[in-house]
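S.K.: One structure follows; several queries about it will come next.
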Amino acid sequence: MSTAESPALADVLRHAATAWQSFRDGRSLDRALTAALADRSDRDKRDPLRPAVQDALYTAVRHLAGSERIVERLAARAPAPDVAALLAVALAQLHSDRHAAHTVVDQAVAAAQQSLRTRAASGFINAVLRNFLRQRERLLAEVQGDTTVRYNLPAWWIERLRDEYPGDWIAIAESQQQMPPLVLRVNEAQTTADDYIARLAERGIEATRVGAQAIWLRQPRPVAEIPGFGDGDVSVQDAGAQLAAPWLDPKPGMRVLDACAAPGGKTAHLAELGAADLTAIEIDSARAARIADNLRRCHLTARVIIGDAASPDTWLAAAGHDSFDRILLDAPCTASGIVRRHPDIPWLRRPADVAQLTTLQVELLDALWPLLDVGGRLLYVVCSLFPEEGREQIARFGERHSDARLLNLPASQLLPASVAGLAAAPVWQGSSLPTLHDGFFYALLEKTG
């Protein structure tokens, strides 16, 4: 089989610029990317343009604040959205040094000339990019004085981090600028972490154990190239997220509910740990299909139901139970703890979103709590750093429900642990917490009667 040729950089920049405009209009990066590549939807899934455009788009978002400040300094007036988008993705390529500077400039101009909407601005794009290269060191030094640029976060987001974590906010912001580590969860129903590490070593794949079943691949690779992925030996899951299933601690014979379950990583982990009577609820049908796909790949089973976890009356009959011994609520949240995986999140969120999501979390908690048997446990999880979604949410829940007892966990608020920090830290040696993870909040509640 012949290897597909790398796509022309001009094509990559043009499609990435289209996705950029969609993102700046409020779409997530995944949806923006899909829309931008709609004209190639009938191509082979191995079409090399998609990963190239995705990489260029994510790189542009990781440099969003800096690129926009630079354009403000170099352009006499704000360019049209199409032109601004092409400048954003091209400047990010110049920041990243992945291509020779002259190649980026030439290909950005070529991309501009391919579209009627940007053709007339090709000279302007050429001038801005070359002007940036001439003044690069001075311009970068100037814009880095702005904390919004330095950490690539909106001012309101930085203010929240600073207020809540006065001693840690800089480390949090810096860690979330890093590329996300590729961490695997070993399926203990099929193999062990030690055996899998040995298997990787035999293939010359450098890996480090960072949790009980968590393996960090030091060089990212497509899932199709991960040994045993297709057979369900491993799944991609952050080590912090891997704490959910063991901390919920399902026992044989227990009725277990995974609410808001997509894409199914935690559902599969619960099944791997022996949860045989397992129900997964997901409101989105397309995302529910991903749960089923993950379970199939891992040779596991669960009852997958499309429904709103906040409205149990609409799906309890399908679940076959009116109560549960264990409930996992991985609630919708701001996702402020996983920014390095989703760099679009801070730019898509608005301050008002925190209150709206907090209200949704209240609805979910109050709807699911009556389904928990006396003596049963509910594990509340959010991939958030904001206290309204974490400790303050659980404190208010305790005030509303006198039959709820908060149990001790090894940690409640996990701050993102960086790859840089791991380089100087020991490999995981059996501690209760992983050594490399994203940001999460956990609370384990027991119903007392």
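S.K.: Can you compute the modelled spin-label distance between Q144 and S323, with each label point 7 Å from Cα toward Cβ, in nm?
M.R.: Calculated label separation equals 6.1 nm.
S.K.: Over the chain, what percent of the accessible surface lies on carbon and sulfur atoms, probe 1.4 Å?
M.R.: Details: 9970 of 19980 Å².
Heavy-atom surface of the chain belonging to carbon and sulfur, 1.4 Å probe: 50 percent.
S.K.: Please report, in debye to the nearest 20, how large the charge dipole of the chain is about its Cα centre when each Lys and Arg carries +1 at its beta carbon and each Asp and Glu carries -1 there.
M.R.: 1280
S.K.: Please find the FRET efficiency linking L316 to R341, where r is the Cβ-Cβ separation and R0 is fixed at 22 Å, and quote it to the nearest 0.05.
M.R.: Calculated value: 0.05.
S.K.: Follow-up question, since we're still on this one. Which value, in debye to the nearest 20, describes the size of the charge dipole of segment 278-320 about its Cα centre when Lys and Arg Cβ atoms bear +1, Asp and Glu Cβ atoms bear -1, and nothing else is charged?
M.R.: In total the dipole reaches around 280 debye.
S.K.: Going 7 Å from the Cα of R40 toward and past its Cβ, which residues in segment 12-30 have a backbone nitrogen under 13 Å from where you end up?
M.R.: 12-19
S.K.: Per residue, what volume in Å³ does the convex hull of the Cα atoms of the chain enclose?
M.R.: Measuring per residue, one finds 163 Å³ for the Cα hull of the chain.
S.K.: Still on this structure, please answer the following. Residue by residue through segment 122-128, what is 3J(HN,Hα) from phi via Karplus (6.51 cos²θ - 1.76 cosθ + 1.60, θ = phi - 60°)? Round to whole Hz and write x for glycine and proline.
M.R.: Each residue of segment 122-128 in turn: 4, x, 5, 4, 4, 5, 5 Hz.
S.K.: Only four residue types carry charge here, +1 at the Cβ of Lys and Arg and -1 at the Cβ of Asp and Glu. Report the dipole size of segment 82-195 about the Cα centre in Debye, rounded to the nearest 20.
M.R.: The dipole of segment 82-195 has a size of about 800 debye.
S.K.: Now, a different point. Counting only helical runs of four or more DSSP H residues, what would the 222 nm mean residue ellipticity of the chain come to if each run contributes -39,500 (n - 2.57) and the total is spread over all its residues?
M.R.: When only DSSP H runs of four or more count, the value is -13000 deg cm²/dmol.
S.K.: Fully extended, how many nm does the chain gain between D163 and A420 (0.36 nm per residue separation, minus their Cα-Cα distance)?
M.R.: My answer for the length gained is 90.1 nm.
S.K.: Tell me the relative contact order for segment 148-249 as a rounded percent, counting alpha carbon contacts under 8 Å between residues six or more apart.
M.R.: Across segment 148-249, relative contact order equals 27 percent.
S.K.: Here is a follow-up. Over the Cα atoms of segment 285-428, what radius of gyration and what Dmax do you get, in Å?
M.R.: 17.4, 52
S.K.: For labels at D284 and R98 in the simple 7 Å Cα→Cβ model, what's the distance in nm?
M.R.: 2.4
S.K.: First measure r as the distance between the Cβ atoms of R405 and D231, then evaluate 1/(1 + (r/R0)^6) with R0 = 41 Å and state the FRET efficiency to the nearest 0.05.
M.R.: Efficiency at R0 = 41 Å is approximately 0.50.
S.K.: If we sort 246-254, 440-448, 325-333 on the protection proxy, mean other Cβ atoms within 10 Å, highest first, what's the order?
M.R.: Listed from highest to lowest mean packing, they are 325-333, 440-448, 246-254.
S.K.: Still on this structure, I have one more. Among G211, Q135, A193, which residue has its Cα positioned farthest towards the positive end of the charge dipole of segment 127-244, with +1 placed on the Cβ of Lys and Arg, -1 on the Cβ of Asp and Glu, and the dipole taken about the Cα centre?
M.R.: Q135
S.K.: Another question about this same structure. Per-residue HN-Hα couplings for segment 27-33, Karplus 6.51 cos²θ - 1.76 cosθ + 1.60 at θ = phi - 60°, whole Hz, x for Gly and Pro?
M.R.: 8, 5, 4, 4, 5, 5, 5
S.K.: Then there is this: Gain in length, A155 to R218, computed as 0.36 nm per residue apart minus the alpha-carbon separation, to one decimal in nm?
M.R.: 19.4 nm
S.K.: Still on this model: So how far apart, in nm, are the two label points at E363 and R203 if each is 7 Å from Cα heading toward Cβ?
M.R.: Output for this residue pair reads 4.4 nm.
S.K.: I would also like to ask the following. Mind computing the radius of gyration and Dmax over the alpha-carbon atoms of segment 270-341? Å is fine for both.
M.R.: Values for segment 270-341 (Cα only, Rg and Dmax): 13.4, 40 Å.
S.K.: Using only the Cα atoms of segment 129-274, construct the convex hull and provide its projected area averaged over every direction, in square nanometres to one decimal.
M.R.: 13.4
S.K.: Going toward the positive end of the dipole of the chain, with +1 on Lys and Arg Cβ and -1 on Asp and Glu Cβ, which of P312, A171, N408 do you reach last?
M.R.: The one lying farthest along the dipole's positive direction is A171.
S.K.: Starting at 0 and stepping by 5 Å, how many percent of the alpha carbon pairs of segment 116-185 end up in each bin?
M.R.: 3, 13, 15, 14, 13, 14, 13, 9, 5, 2, 0
S.K.: Taking only C-alpha pairs under 8 Å that are 6+ residues apart, what is the relative contact order of the chain in percent?
M.R.: 13
The values are calculated or read from the model by the stated rules, or taken from the named source; none is laboratory data. Computed from a predicted model, the values in this text were never measured in an experiment. When we count neighbours, we look across all protein chains shown, and the Cβ atoms used for this are built from the backbone with ideal geometry, even at glycine. Quick note on the areas: whole protein, heavy atoms, side chains included, nothing else; ligands and nucleic acids left out. Shrake-Rupley method; radii C 1.70, N 1.55, O 1.52, S 1.80 Å.
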